[in-house]
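Let me begin by presenting the structure, written as structure tokens, before commenting on it.
Each reported figure results from applying straightforward, stated rules to the coordinates on display, with no laboratory input. Everything quoted here is computed from the prediction, not taken from an experiment. Don't worry about glycine lacking a Cβ; one is built from the backbone with ideal geometry, like all the others, and counts go over all protein chains shown.
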Amino acid sequence: MWYQIVAYFKFLAKSTNEHGVHSPFVYDLVTKCFYDKKPKEIYQTLAKYRAELLQNNEAIEVKDFGAGSRVFSSNKRKVAAIAKNAGITPKRAKLLARLVTYFDVKNALELGTSLGMATIAMKEVNDVFTLEGCPETAAIAQKQLKKFNADHVKLYVDEFSTSIPTLTKQQFDLVYIDGNHQKEATILYFEQLLATAHNDSVFIFDDIHWSQQMTEAWEFIKNHPEVTVTIDTFFWGFVFFRKEQAKEHFVIRV
């Protein structure tokens with residue numbers, strides 16, 4: 001927790017808004033998507049989806065393959081508590097919904113379905129592949145996504161290390177990684193999934209300053225030769241592969 005607090009103050013010291021951005025591509029992304037305040041129909045869906053989970057007091061056994069939880073002391077957790085404390089925040093769910101529209105995403109991959117609150121934010125995407133390692137969590141997500149007519153979602157229940165190699169022959173417009181907050185695993189998934197990226201793909205990494213290890217993983221990704229543009233928003237790290245862009249890193253408040 002202390003690491004995150006210190007990291008956030010460092011972020012604030014380095015970060016800027018659209019006025020500090022000189023790349024037309026990033027400037028448009030920030031002003032037309034990140035800072036878009038207009039109401040969207042999808043926001044009502046996100047709110048309803050989340051509200052139903054917050055009313056679900058069913059207890060499930062969570063199988064955690066990552067760095068563990070800073071909130072829960074037991075793997076026996078209520079669905080409502082997971083939705084409240086461990087799922088994507090409403091603000092970020094709205095941002096993800098805007099992103100898939102802004103980039104006209106047709107094919108997306110998500111690592112870490114959890115209860116499907118980020119998955120449903122990609123409702124406008126043609127095809128979403130989402131991976132979840134915990135069977136009981138995945139069962140809740142599957143049931144909830146079906147209730148919201150998310151027929152475009154293909155949910156796979158397996159460890160990422162097993163599932164990712166089966167997907168590397170596909171290409172994705174967007175890859176959202178929120179499943180294992182460990183340095184070695186994050187770097188491994190990134191390197192494996194490079195094969196799925198095209199020139200206009202965007203990779204989003206969750207909690208890039210969750211720990212010193214995650215910050216180190218983020219630095220490795222930033223400096224990778226295939227990466228041209230990155231945006232650090234503290235909670236999320238955005239990675240682009242646009243060969244027409246000069247290599248540049250941005251730190252932006254969202």
Cleavage-rule hits (trypsin sites (Lys or Arg not before Pro)) in the stretch 93-140: DSSP loop, at most 15 neighbouring Cβ within 10 angstrom: 106
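So how do 10, 243 line up by other beta-carbon neighbours within 10 Å, fewest first?
Starting with the residue having the fewest Cβ neighbours, the order is 243, 10.
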222 nm mean residue ellipticity, helices alone, for the chain (DSSP H n ≥ 4; -39,500 (n - 2.57); rounded to 500): -10500 deg cm²/dmol
Order of 209, 22 - criterion: other Cβ atoms within 10 Å of each residue's Cβ, fewest first: 22, 209
The chain - share of DSSP beta bridges that are antiparallel (%, nearest 5): 35
Amide H partners (placed H, <5 Å) of residue 251, local residues excluded: 16, 232
Folded to 0 to 90 degrees: helix 212-222 orientation relative to the chain principal axis, Cα: 50
Restricting the stretch 1-102 to GluC sites (Glu not before Pro) in coil, as DSSP defines it, with at most 12 other Cβ within 10 Å: 58
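Which value, in Å³ per residue, describes the convex hull spanned by the Cα atoms of the stretch 1-67?
Per residue, the Cα convex hull of the stretch 1-67 comes to 191 Å³.
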The stretch 115-254 - Rg (one decimal) and Dmax (whole number), Cα, Å: 15.2, 44
Cβ charges +1 (Lys, Arg) and -1 (Asp, Glu), total dipole of the stretch 1-115, debye: 280
Label assignment, Kirkwood radius over Cα pairs in Å derived from the structure, set (i) 22.7; (ii) 18.5; (iii) 19.7: (ii)
Charge-dipole axis of the chain as Lys and Arg at +1 and Asp and Glu at -1 on Cβ define it, positive-most pick from 109, 87, 213: 87
Integer Hz, Karplus 6.51/-1.76/1.60 couplings in order for the stretch 111-118, x for Gly and Pro: 9, x, 5, 6, 8, x, 6, 7
Unit charges on C-beta of K, R, D, E only; dipole of the chain, Debye: 880
Dimensionless Rg ratio for the stretch 1-152, taking C-alpha atoms and the 2.2 N^0.38 Å reference: 1.16
HN-Hα J in Hz across the stretch 152-167 - Karplus 6.51, -1.76, 1.60, θ = phi - 60°, x for Gly and Pro: 7, 8, 10, 9, 10, 9, 5, 6, 4, 4, 8, 6, 4, x, 7, 10
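Hand me the tally of lysine pairs in the stretch 79-152: alpha carbons under 17 angstrom apart, and the pair either on different chains or 8 or more positions apart.
7
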